[in-house]
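Just below is one structure, and these are the notes that go with it.
The values are calculated or read from the model by the stated rules, or taken from the named source; none is laboratory data. The model shown is predicted, which means the values in this text are computed figures rather than measured ones. Cβ atoms come from the backbone with ideal geometry, glycine included; neighbour counts cover every protein chain shown.
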Amino acid sequence: MSDKLTAEDRALIEAARALIRGRYIENRHHIAAALRTRSGKIYTGLHLDTYVGRASVCAEAVAVGTAMAAGDRDIASIVSVRHPRPREANQTIQVVSPCGICREMLADFAPECRVIVPKDGGLVCVAPLELLPNKYFRT
């Protein structure tokens, strides 16, 4: 997978940043995701934090579910961003790696997609299985 980010990748990052900038609420919404399908359409999702952590829903899952519900199943790329808490010194909305559960979901629903993640102070694109060594597969 290519380490080079395209203009489309940068637009996808900005779509996720725009969503979290507009919807951030501390202890409710701190992660946003944006994905692009091969049709070119962008779908976004917002993290839903709950007091009972197991009931929380990741932004990536919301974005993937929205695309699937629209019948647009061929995911080309996805990115997640995190809004800092007000007390953090660095207030930059940063690209973050998907959590383990989302890595599993992406490997199941979009194994050929490009996941934009931070690496060595920059950003790279990797396949979901690169983020999930020794993935469990049903036989």
**Q.** Residue count for segment 77-91, restricted to those that are in contact with a Lys or Arg (Cβ under 7 Å, 6 or more places away or on another chain) and either of a type in the set (A, V, I, L, M) or assigned to a loop (DSSP other than H, G, I, E, B) (or both)
**A.** 1
Q. Tally time: how many residues in segment 35-76 are assigned to a strand (DSSP E or B), in contact (Cβ under 8 Å) with a residue 40 or more places away in the chain and either farther than 14 Å from L12 by Cβ or in contact with a helix residue (DSSP H, G or I) (Cβ under 6 Å, 6 or more places away or on another chain) (or both)?
A. 2
Q. So which of A89, A33, A16, A59 ends up being among the hydrophobic types (A, V, I, L, M, F, W, C), over 23 Å from L129 (Cβ atoms) and at pLDDT 95 or above?
A. A89
**Q.** Residues within segment 18-34 that are part of a strand (DSSP E or B) and under 13 Å from the mean Cα position of the chain (by Cα), tallied
**A.** 4
